[in-house]
Amino acid sequence: MKKYILTIFFNIILIFNSSANDEIDSYSLFYEVDGEGALFLYYIKDEIYGQIITYGGYKWFKATYTNSDKYTSTFIQPSNLGQSMNMDSWMQPRYQIDEFFYEFEQIDRDQILTFVSPEATQTIIGYMTRNESFSIASLSDDAWYAGTFVPIKNTENLDDLLNLNTKTFCMLIKDPTIENIKSNQLNKDDLLIYREPCD
């Protein structure tokens, strides 16, 4: 099973790095509550993979995910459980993800974590379906990261992000990977209207 997942993962990385977004069937969007980052889910046939992007970078995001996924533990849990500065509250054992494979890269100042994990993506989809926010947290030997994400399911969610951080909004809405690809939640006409202020 692990070998199979790794094969999928490396195929996904090749697809993404070649900018072959024709391979992506659809996507879902989430924004980080502090307005500094976003999460994408990409659907490719029967597979799903995710990307977390921290626009402008974040010290502890990089410090955590430049470690190999062999040496990190990842947790996805309801957003109300995490408490500021309390690491353990973001990493409650019942919410640990068994297998979470990822690759970290930095492009200019932006930091990108591409991950594949059937358990993680199904958990995230569950939060999306219930329209609930959630946190993703990871612990390495020398650092930890926790981010809280909100599903973008309608124009009200887009307005919330626009009011929170216009730069992140425009980076997300104009991301070339999702250009001309169907959103699973948003109407194409709405997306075109929202792109106009960012041109």
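The values are calculated or read from the model by the stated rules, or taken from the named source; none is laboratory data. The model shown is predicted, which means the values in this text are computed figures rather than measured ones. Note: ideal-geometry Cβ built from the backbone for every residue, glycine included; neighbour counts use all protein chains shown.
With the condition kept exactly as written, say whether any residue in the stretch 134-153 is closer than 18 Å to Val33 by Cβ, in contact with a Pro (Cβ under 8 Å, 6 or more places away or on another chain) and in contact (Cβ under 8 Å) with a residue 40 or more places away in the chain.
yes
Among the residues of the stretch 64-103, write down those that are touching a strand residue (DSSP E or B) at 6+ places or on another chain (Cβ under 8 Å) and more than 16 Å from Thr123 (Cβ to Cβ). Answer for the stretch 64-103, where residues must be touching a strand residue (DSSP E or B) at 6+ places or on another chain (Cβ under 8 Å) and more than 16 Å from Thr123 (Cβ to Cβ): Thr64, Tyr65, Thr66, Asp69, Thr72, Met87, Ser89, Glu103.
Taken over the stretch 142-171, residues that are β-branched (Val, Ile, Thr), over 18 Å from Gln51 (Cβ atoms) and assigned to a strand (DSSP E or B) amount to 0. In the stretch 172-183, of all residues being part of a helix (DSSP H, G or I) and either at pLDDT 90 or above or crowded, with 18+ Cβ neighbours inside 10 Å (or both), the one that is nearest to the chain's Cα centre (by Cα) corresponds to Leu172.
Is it the case that Asn165 is surrounded by 12 or more Cβ atoms within 10 Å (Cβ to Cβ), in contact (Cβ under 8 Å) with a residue 40 or more places away in the chain and under 11 Å from Tyr31 (Cβ atoms)?
Details: surrounded by 12 or more Cβ atoms within 10 Å (Cβ to Cβ): yes; in contact (Cβ under 8 Å) with a residue 40 or more places away in the chain: yes; under 11 Å from Tyr31 (Cβ atoms): yes.
Yes, satisfied.
Checking the stated criteria, Phe30 turns out to be touching a Leu at 6+ places or on another chain (Cβ under 6 Å) and under 25 Å from Asp160 (Cβ atoms).
Scanning the stretch 70-98 for residues that are touching a residue at least 60 places away in the same chain (Cβ under 8 Å) and more than 27 Å from Asp175 (Cβ to Cβ) gives Tyr71, Ser73. For Leu186, state whether it is surrounded by 17 or more Cβ atoms within 10 Å (Cβ to Cβ), touching a Leu at 6+ places or on another chain (Cβ under 8 Å) and either modelled with pLDDT of 95 or more or of a type outside the set (Val, Ile, Thr) (or both). So Leu186 fits the description; yes. Applying the condition of being under 11 Å from Tyr102 (Cβ atoms) and polar (S, T, N, Q) to the stretch 43-70 and asking which residue is surrounded by the fewest Cβ atoms within 10 Å (Cβ to Cβ) yields Ser68.
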